[in-house]
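Here's the structure, in structure tokens; my notes come after.
The values are calculated or read from the model by the stated rules, or taken from the named source; none is laboratory data. Here the structure is a predicted model, which means the values were calculated and not measured. Here the Cβ is made from the backbone with ideal geometry for all residues, glycine too, and neighbour counts use every protein chain on show.
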Amino acid sequence: MRIHQIYVDNNLRNYNYLLACENTRQAIAIDPLDHKRINNLALEHNYIITKIVNTHDHHDHIEGNLPLLENWDAEVLAHHQASHIPGFTTGVFPGDNINFGDQNLVALDTPGHTLAHICLLFTDDQANPEQAPAFFSGDTLFNAGAGNCHNGGDVNLLYETFVNQIYNLDDGTRLYPGHDYLINNCQFTLDREPDNVAAKLLLEQLKPHDPNNPHITTLGEEKTINSFLRLNSKTIQQKLQQELALNPEIDNIEKAVFVALREKRNQW
Ligand SMILES: [Zn+2]
């Protein structure tokens with residue numbers, strides 16, 4: 001599978017994706033916003049866009065649907081509860097396979113950023129069996145961060161998604177998020193956890209950071225730099241306890257930390 005990660009140079013710093021099966025030239029567009037570039041890339045590489053997939057219904061993840069449909073006879077897939085998305089043809093359920101040529105993505109139902117949100121997991125490349133898994137996370141998981149919950153989301157559900165699904169992904173899985181927030185989020189990590197050496201080193205290494213040629217993290221690396229995957233860090237817990245008077249005896253300290261981190265990031 002060929003992955004084109006397309007940085008949209010807008011205020012929201014979106015990433016769009018065009019994935020292609022190199023045998024059949026069939027391609028799939030994920031969260032299209034910059035439809036012109038996606039279209040041109042497809043033409044340049046002789047791809048046939050057969051599917052468009054939206055991880056969720058926020059405008060910056062769906063605006064390219066209709067313009068792409070003017071050029072391509074493509075199915076539009078999204079969470080089965082997001083049928084209001086422009087051009088929607090096919091509802092996606094947890095565990096569904098989304099094929100393009102010889103390649104296949106598996107859909108995960110990942111509520112939290114919005115109630116209807118899917119992530120896409122790629123695990124098996126027929127042509128390159130040694131290729132590591134890839135995870136297209138929309139606005140659920142970012143490099144060194146997590147999606148916000150203030151446009152139709154629910155932080156309790158986001159926590160459940162992290163604990164029950166994101167944590168279970170293989171450490172070698174490469175992360176392809178919906179936005180480029182890596183630098184900001186690493187700085188947030190250091191605000192919460194000043195002794196986080198991995199985040200410090202990565203920030204050094206990323207000078208200058210080029211979102212058009214980004215550093216691809218793995219889930220294993222995320223577990224070292226992403227506060228939302230470091231809920232048992234004593235530094236993070238103690239700092240929040242001092243600031244918010246979190247009770248260390250409460251049943252689920254990690255959930256309380258997750259919710260408090262999300263709140264801190266909203267105001268950061
Ligand atoms: Zn969003």
Condition set among the hydroxyl-bearing types (S, T, Y) and part of a helix (DSSP H, G or I), scope region 224-240, selection farthest from I6 (Cα to Cα): answer is T235
Counted residues in region 13-64 being more than 16 Å from the ligand (Cβ to nearest atom), small (G, A, S) and not in a strand (DSSP E or B) come to 1
Checked pairs for region 168-179, first over 21 Å from H56 (Cα atoms), second surrounded by 13 or more Cβ atoms within 10 Å (Cβ to Cβ) and hydrophobic (A, V, I, L, M, F, W, C), C-beta under 6 Å and 6 or more apart or across chains, list as D171/L219; G172/A132; T173/F135; T173/L219
Here, helices (runs of 4 or more DSSP H) confined to region 104-223 with at least 1 residues that are closer than 25 Å to N11 by Cβ and touching a strand residue (DSSP E or B) at 6+ places or on another chain (Cβ under 7 Å) are 155-164, 182-192
Residues that are over 23 Å from the mean Cα position of the chain (by Cα) and loosely packed, with under 14 Cβ neighbours inside 10 Å: does region 183-196 have at least one? yes
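Let's see how each residue does on (1) in contact with a strand residue (DSSP E or B) (Cβ under 7 Å, 6 or more places away or on another chain); (2) surrounded by 14 or more Cβ atoms within 10 Å (Cβ to Cβ):
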| residue | (1), (2) |
| --- | --- |
| N40 | no, no |
| H45 | yes, yes |
| V53 | yes, yes |
| L69 | no, yes |
| D73 | no, no |
| P86 | no, yes |
Scanning region 65-79 for residues that are part of a helix (DSSP H, G or I) and in contact with a helix residue (DSSP H, G or I) (Cβ under 9 Å, 6 or more places away or on another chain), the one nearest to N148 (Cα to Cα) turns out to be N65
A careful count of residues in region 72-116 that are free of Cβ contacts under 8 Å to residues at least 40 places away in the same chain, closer than 25 Å to R174 by Cα and not aliphatic (A, V, I, L, M) gives 9
**Prompt:** If you check T140 against the conditions, is it in contact with a His (Cβ under 7 Å, 6 or more places away or on another chain), modelled with pLDDT of 95 or more and not acidic (D, E)?
**Reply:** yes
Those residues of region 130-147 that are among the polar types (S, T, N, Q) and more than 12 Å from the ligand (Cβ to nearest atom) come to a total of 2
Across region 198-222, the tally of residues that are loosely packed, with under 15 Cβ neighbours inside 10 Å and in contact with a Lys or Arg (Cβ under 8 Å, 6 or more places away or on another chain) stands at 1
TODO: Inspect region 80-91 for any residue being farther than 24 Å from R13 by Cα, over 20 Å from the mean Cα position of the chain (by Cα) and in a strand (DSSP E or B) and give the result as yes or no.
DONE: yes
